[in-house]
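To keep things clear, I will list the structure first and then write my remarks on it.
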Amino acid sequence: MAPGIPLLRPTTFEDPRVRAVFSTRVGGVSEAPFDALNLSSREDDRGAVAENLLRFCRAAEFRRCPPAVQRQVHGSAVAWVGGDDGPEAGELRERDGDGLITRQPGQALAVQVADCVPVLLWDPGHGVVAAVHAGWRGTAAAIVRVALESMIRRARTNPRDLRVALGPSIGGCCYRVGPEVVEALKRIAPAEVVLADEGERRVDLRAVNRWLLRSEGVLEESIEDVGGCTCCDATLFSYRRDGPRTGRLMGAIELR
């Protein structure tokens, strides 16, 4: 691990065949309000972000830096990366999408978040990994189901063999929303899963994504929550708490 870069690691992914991590905001070089380990350029200094990415990749022990990312649009589009499956990582930065899948060793995939749910998936039997960005719109569009169905179709993934990590995101303790968000999420999951508090219209995106995965056959014990609520925890970036001028966390995964 690089000095001063603490990473959150799923215990269910402790295997030499894979690297899976979630960042915090600790250990980078960006200045306020992006301090310190901002992993997306946005309005931040590009040189600082490049240095942050290098430190993050070293700490994660990724073979390539930076990881493959897309231009996230809160949708449900997923793309395969590398080899005969799809474009190389460098071609993706200007493409819209919120999920990436690969079976190419040494190619890290990443999503950037500041309240949305970063979801990492690994099929150890067929050597496939995915990174998914699930905000409320992506969750309502069942992007984790879209990604899993693509893995089943193209790599013969068995959902019962899948391992999943849900990274730090805004929790049901803090995520108050309008009625349109509640109604959109209730179209894909039961109300008791969606709502952490009906009176205050607080929703739990991690619980909804967990329910979607389980409904597709993923085992409960294979789904791990990593980290807490971004809005509550000052060591994490949060759009809801800090506003639009804040940094971005990263969830990333690489086959070895």
Relative contact order of the chain, defined on C-alpha pairs under 8 angstrom at six or more residues apart (%): 24 percent
Computed magnitude of the charge dipole of the chain (debye, nearest 20; Cβ of K, R +1, Cβ of D, E -1): 320 debye
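Output the direction-averaged projected area (hull surface divided by four) of the convex hull of the alpha-carbon atoms of the range 94-160, in nm².
On the way: hull surface 20.1 nm².
The directionally averaged projection comes out at 5.0 nm².
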Residue-averaged 222 nm ellipticity for the chain, from DSSP H runs of 4+ at -39500 (n - 2.57), nearest 500: -6500 deg cm²/dmol
Ratio of Rg to Rh over the chain (Cα coordinates, Kirkwood Rh, two decimals): 0.94
The range 1-53: GluC sites (Glu not before Pro) falling in loop per DSSP and having at most 13 other Cβ within 10 Å: Glu14, Glu31, Glu43
Full-stretch length increase - Lys186, Glu216 - with 0.36 nm per residue and alpha-carbon distance subtracted: 9.1 nm
Rg in Å to one decimal, and Dmax rounded to a whole Å, for the range 11-76 via C-alpha atoms: 13.2, 37
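Normalising by the residue count of the range 45-159, find the relative contact order in percent from Cα pairs under 8 Å and 6+ residues apart.
Working: 214 pairs, mean separation 26.7, N = 115.
The value is 23 percent.
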Cys65 versus Arg176: modelled label distance in nm, points set 7 Å from Cα along the beta carbon direction: 4.1 nm
For the range 127-256: span of alpha carbons on each principal axis (Å, largest first): 41, 32, 23
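Read-outs: derived from the displayed coordinates by stated rules, not from any lab. Note that the structure is a prediction, hence the values are computed from the model and not measured. Please note: Cβ atoms are built from the backbone with ideal geometry, for glycine as well, and neighbour counts cover all protein chains shown.
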